[in-house]
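The values are calculated or read from the model by the stated rules, or taken from the named source; none is laboratory data. Quick caveat, the model's predicted, so the values are computed rather than measured. No Cβ is skipped: glycine too gets one built from the backbone with ideal geometry, and neighbour counts run over all protein chains shown.
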Amino acid sequence: MWICFNDGFVSVVADKNDPGRLLVRARRKKDLLNVCGDSVKVLENAGTDYRWRAFVDRRSFSALVAARVEKIDYTNFKNSVKGADLHDLYMKFWNLHYRYQGQNKH
């Protein structure tokens, strides 16, 4: 699952060795820390294409995401994004899926 937070982009998948954990991956370390918190143990270059990763308890991560959802106070996600580089990434993604929408009539 890709999750676009306004302070970080992460990819979340199951931990293949522990069904109680998730593997949270990021392109930038600060995104991972912004999403998971400073106390998470961050691994660098321990996998394939995502440079930064951390193993997180599945229930804890679910609670973290739910808490983020409860705190949404903006009416425009793009305008809430912190950091010009992350905003630019999301704008490129927004443009791609806007075109995708136009290609698919159903």
Cβ pairs under 7 Å, 6+ apart, first in the range 1-17 and closer than 13 Å to residue 89 by Cα, second at pLDDT below 95: 6/82; 7/82
Unmet criterion (only one of (1) under 22 Å from residue 88 (Cβ atoms); (2) touching a residue at least 12 places away in the same chain (Cβ under 8 Å)) for residue 56: (1)
Condition broken by residue 99, with the remaining ones in (1) closer than 20 Å to residue 35 by Cβ; (2) part of a helix (DSSP H, G or I) satisfied: (1)
Qualifying residue in the range 40-51 (condition: of a type in the set (A, V, I, L, M, F, W, C), closer than 24 Å to residue 93 by Cβ and outside any loop (DSSP other than H, G, I, E, B)): no
Tally of residues being within 18 Å of residue 63 (Cβ to Cβ) and outside any loop (DSSP other than H, G, I, E, B) across the range 14-38: 10
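Sort out which residues of the range 9-41 are under 24 Å from residue 84 (Cα atoms) and β-branched (Val, Ile, Thr), and write them in order of number.
Here is the first cut: in the range 9-41, the residues under 24 Å from residue 84 (Cα atoms) are 9-12, 24-38.
Within the range 9-41, 10, 12, 24, 35 meet the criteria.
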Those residues of the range 58-90 which are of a type in the set (A, V, I, L, M) and more than 15 Å from the chain's Cα centre (by Cα), in sequence order: 72, 84
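Please verify whether residue 61 is part of a strand (DSSP E or B), of a type outside the set (A, V, I, L, M) and in contact with a Leu (Cβ under 7 Å, 6 or more places away or on another chain), treating the condition exactly as stated. Give the derivation first.
Values: part of a strand (DSSP E or B): no; of a type outside the set (A, V, I, L, M): yes; in contact with a Leu (Cβ under 7 Å, 6 or more places away or on another chain): yes.
No; evaluated as a whole, the condition is false for this residue.
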